[in-house]
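Some notes on the structure that comes next.
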Amino acid sequence: MLGAVVGDVIGSVFEWHNVKSTEFKLFDRFTRYTDDTVLTIAIADAVLSKNMHSNWLRDYYNGKKLYANKLRQYAKWYPGVGYGQKFEEWAANPSAQAYRSYGNGSAMRVSPIGFAYDSLEVVIRESKRSALVTHNHKHGIVGAQAVACAVFLARKNHSKTEIQDFIMRKFRYNLNQTLDEIRPQYGFDPSCQGSVPQAIIAFLESTDFEDAIRKAISIGGDSDTIACITGGIAQAYYKQIPKSLVTEVMLRLDYKLREIIGLFNDKYNIKID
């Protein structure tokens with residue numbers, strides 16, 4: 001999950017200033033966390049909260065309610081970090097229903113589910129539930145499920161070929177393109193179908209965690225979200241994030257965000273070096 005946060009933070013300055021290269025400075029004075037970080041940690045908090053409840057409360061929370069409550073809570077705590085207009089309207093209205101979105105917001109926040117559960121069936125179910133509260137369009141659900149499954153399979157030490165084959169077969173994403181083929185014509189596309197496959201390909205072509213983030217940002221487009229998605233999968237696969245990156249990112253987070261990351265890593269025994 002921290003890998004997703006690192007990807008978002010590093011990608012934050014490139015969303016509206018794309019760089020079509022892997023050669024760039026990772027951090028500068030404008031580098032910050034965005035809604036991708038906040039909502040990823042909100043989902044992590046929801047997963048933690050669900051597993052802390054007694055049995056009858058756990059049954060009650062097994063639906064979408066806890067995901068929705070945590071997303072709204074964090075949006076209130078952390079305003080003005082780049083939420084989409086429809087999400088802001090939904091978050092401000094406790095009775096609002098999902099708004100048929102197929103945007104990549106469902107996919108960028110889902111990595112904690114891939115880290116937390118030990119059954120692919122549960123990962124598919126929970127990632128759908130986490131998406132449905134806002135992104136109840138077919139493509140919004142598929143995007144979340146594909147990313148969560150990629151994280152799960154990477155964490156369980158499946159090969160890149162196995163991950164690629166599963167995602168292509170299960171979710172019908174084309175992962176046969178190369179970054180060199182994608183990069184020249186690729187522009188801003190915040191849909192799941194227009195950014196999740198590209199983010200997964202960046203992971204598949206990478207050689208280590210930092211290289212995965214650099215490759216994700218080099219695509220262009222919605223850089224922070226693409227790097228967020230890639231970063232979650234890359235952390236699960238490589239089991240390591242350079243300490244220098246972790247230090248720089250943690251300096252940009254407040255106590256609450258750092259606390260949930262720490263609690264999540266402890267609960268699910270996630271090592272980052």
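The values are calculated or read from the model by the stated rules, or taken from the named source; none is laboratory data. Note that the structure is predicted; figures quoted are calculated from it, not measured. Methodologically, a virtual Cβ is constructed for each residue, glycine included, from the backbone with ideal geometry; neighbour enumeration extends over all protein chains shown.
Out of all the residues in segment 172-183, which are without any contact (Cβ under 8 Å) to a residue 60 or more places away in the chain and outside any loop (DSSP other than H, G, I, E, B)?
Here is the first cut: in segment 172-183, the ones without any contact (Cβ under 8 Å) to a residue 60 or more places away in the chain are 172-182.
Those that are without any contact (Cβ under 8 Å) to a residue 60 or more places away in the chain and outside any loop (DSSP other than H, G, I, E, B): Leu179, Asp180, Glu181, Ile182.
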Please report, ordered by residue number, the helices (runs of 4 or more DSSP H) entirely within segment 217-273 with at least 3 residues that are more than 12 Å from Gly7 (Cβ to Cβ) and in contact (Cβ under 8 Å) with a residue 40 or more places away in the chain. 255-267
From the option list Lys76, Lys70, Lys128, single residue qualifying as farther than 25 Å from Leu253 by Cβ and either surrounded by 13 or more Cβ atoms within 10 Å (Cβ to Cβ) or at pLDDT 95 or above (or both) is Lys128
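Identify all residues within segment 184-214 that are part of a loop (DSSP other than H, G, I, E, B) and over 17 Å from the mean Cα position of the chain (by Cα); write none if there are none.
First pass over segment 184-214, keeping only residues part of a loop (DSSP other than H, G, I, E, B): 186-190, 192-195, 206-208.
Within segment 184-214, Tyr186, Gly187, Phe188, Ser206, Thr207, Asp208 meet the criteria.
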Out of all the residues in segment 249-263, is one or more buried (at least 17 other Cβ atoms within 10 Å of the Cβ) and under 21 Å from Val196 (Cα atoms)? no
Checking Ile217, Ile272 in turn, the sole residue that is surrounded by 24 or more Cβ atoms within 10 Å (Cβ to Cβ) and under 19 Å from the mean Cα position of the chain (by Cα) turns out to be Ile217
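Among the candidates Met108, Met52, single out the residue that is of a type in the set (A, V, I, L, M) and at pLDDT below 95.
Met52
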Going residue by residue through segment 138-154, is there one that turns out to be free of Cβ contacts under 8 Å to residues at least 12 places away in the same chain and either surrounded by 20 or more Cβ atoms within 10 Å (Cβ to Cβ) or among the charged types (D, E, K, R) (or both)? no
When you go through (1) surrounded by fewer than 24 Cβ atoms within 10 Å (Cβ to Cβ); (2) of a type outside the set (Gly, Ala, Ser); (3) in a loop (DSSP other than H, G, I, E, B) one by one for His135, which number turns out not to apply? (1)
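If you check Arg125 against the conditions, is it in contact (Cβ under 8 Å) with a residue 12 or more places away in the chain and either not hydrophobic (A, V, I, L, M, F, W, C) or not in a helix (DSSP H, G or I) (or both)?
Details: in contact (Cβ under 8 Å) with a residue 12 or more places away in the chain: no; either not hydrophobic (A, V, I, L, M, F, W, C) or not in a helix (DSSP H, G or I) (or both): yes.
Judged against the criteria, Arg125 is not a match.
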Any idea how many residues of segment 146-161 are under 18 Å from Val47 (Cβ atoms) and either touching a Lys or Arg at 6+ places or on another chain (Cβ under 6 Å) or among the β-branched types (Val, Ile, Thr) (or both)? 2
